[in-house]
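Undergrad: The structure is given below, and queries will be raised subsequently.
Values quoted throughout were computed directly from the atomic coordinates according to the rules given, and no laboratory measurement underlies them. Remember, it's a predicted structure, so these values are computed and weren't measured experimentally. Note: ideal-geometry Cβ built from the backbone for every residue, glycine included; neighbour counts use all protein chains shown.
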Amino acid sequence: MTTVSIPHHDVAGEPFPAARFIKEIGRGKNGARSMTRDDACALYRAMLEGRVSDLELGGILLSMRIKGESVDEIAGFLDAAEASFAPLAAPAGAYLPIVIPSYNGARKMANLTALLALLLARAGAPVLVHGVSSDPGRVTTAEVLAELGVPACASHAEAEAAMLRGEVAFLPIEALAPQMAHLLSLRRVLGVRNSTHTLVKIMQPFAGPALRLVSYTHPEYLEMLGEYFTTAAPVERGGAFLMRGTEGETVANANKAQQIDWFHGHQRTVLVEKQLQVEQLPHLPAERDAATTAHWISSVLRGDIRVPASIAEQVEQCLQAAKVSG
């Protein structure tokens, strides 16, 4: 797919005419041309700031949904996204902060993202979970954490204080990045996801380096995100784990481990191979509701139930990758 640089004059605070961009990205799956990183950054910044009309905004979101994001476009969008909110400060310690996005929840099996987060925090790593508080028809990590006595943080300062105490910090997207939260909410208007759903899963909310846990659901995103992390991601922002999501969540599937790739310094390392056979299925929650899941997680944390092997391995890999070298 070709890339085109589109002449434009962006004046801060003024409406952003987007028709010239839509003309290029809105030509369909085969005819569309991709934007440069700088153009994508300028366009997404204007979208975040509410300077694009509703009609043009709908056209952009649907055009990108059909076309798919290029590496330059996702990089430019992310540049604008991360500049739209104040970064968090991580507590000093033996580990870099570990960022766990949670925007899918669970429909068919228990959502064990909270278990992953709590195991990492118990080992001494600063853990930030960010995501949606609720999602009709799904059980969110926020709901499971609330049942476990981990309330949502209302601000960056509350999240920083929680991590300083060694606790898991859950920060709703509305508190973390309100402008992104608005674009995310447009799914309810348009009926489909947009580029922001990818951005919230790969953004790095800290001022310094951090380890991001990133999941994908469609194979084309494995290719695109793999290229982003090996060619376009700023090395100084830290590394990332990339794996196929467990119903979209970044926790390893308790029944059968997925492949986990580690991206660090534009290098790619396979940390965990895809598990092809399972000798014995682990004992998992009988139901997927938040209360049952939380009760089961509490039993695991007490040692009454064994941590599923795939999640235990994911925890160890995270701690190794996040360890601050002396």
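Undergrad: Given the options ALA309, ALA233, ALA83, which has the most mean-square fluctuation in a GNM of the chain, springs set between C-alpha atoms less than 10 angstrom apart?
TA: Top of the fluctuation ranking is ALA83.
Undergrad: Within 10 Å of each residue's Cβ, count the other Cβ atoms and sort LYS29, LYS256 from fewest upward. The partial results should precede the final answer.
TA: Values: LYS29 9, LYS256 14.
Sorted ascending by nearby Cβ count, the order is LYS29, LYS256.
Undergrad: Further question on the same structure: Could you give the length gained on full extension between HIS266 and LEU284, defined as 0.36 nm per residue of separation minus the Cα-Cα distance, in nm?
TA: 2.8 nm
Undergrad: Also, I was wondering about something else. Taking the Cα atoms only, what angle lies between the long axis of helix 54-67 and the longest principal axis of the chain, rounded to 10 degrees?
TA: With rounding to tens, the tilt is 70 degrees.
Undergrad: Let me ask another. What ranking of ASP54, ASP135 emerges when the number of other C-beta atoms within 10 Å of each C-beta is taken as an exposure proxy, fewest first?
TA: Neighbour counts put them in this order, fewest first: ASP54, ASP135.
Undergrad: Can you tell me what share of the DSSP beta bridges in the chain is antiparallel? A percent to the nearest 5 is fine.
TA: For the chain, the DSSP antiparallel bridge percentage is about 40.
Undergrad: Helix 113-122 against the longest principal axis of the chain: what's the angle in degrees, Cα atoms only, rounded to the nearest 10?
TA: 70 degrees
Undergrad: Rounded to the nearest 500, what is the chain's calculated 222 nm mean residue ellipticity when only DSSP H runs of at least 4 contribute -39500 (n - 2.57) each, over all residues?
TA: Helices in the chain give a 222 nm mean residue ellipticity of -11500 deg cm²/dmol.
Undergrad: Fewest to most neighbouring Cβ within 10 Å: what's the order for CYS41, CYS153?
TA: With the fewest neighbours first, CYS41, CYS153 line up as CYS41, CYS153.
Undergrad: Sticking with this one: Obtain the radius of gyration and the Kirkwood radius of the chain from its C-alpha atoms and give Rg over Rh. Don't skip to the end; give the middle numbers.
TA: Details: Rg = 19.7 Å, Rh = 20.3 Å.
Answer for the chain: 0.97.
Undergrad: Given the pairs LYS29/LYS108; LYS67/LYS201; LYS29/LYS256; LYS29/LYS274; LYS108/LYS323, which span a C-alpha to C-alpha distance of over 25 angstrom in this model?
TA: Pairs exceeding 25 Å: LYS29/LYS108; LYS29/LYS256; LYS29/LYS274; LYS108/LYS323.
Undergrad: If you average the alpha carbon positions of the stretch 46-63 and of the stretch 257-324, how far apart do those two centres end up, in angstrom?
TA: Going from one Cα centre to the other spans 39 Å.
Undergrad: Can you figure out the FRET efficiency of GLN259 with ASN30, using R₀ = 30 Å and their beta-carbon distance, to the nearest 0.05?
TA: Working from the Cβ atoms, E equals 0.50.
Undergrad: For helix 309-322, what angle does its Cα long axis make with the longest principal axis of the chain, in degrees from 0 to 90 and rounded to 10?
TA: Helix 309-322 sits roughly 60 degrees off the main axis of the chain.
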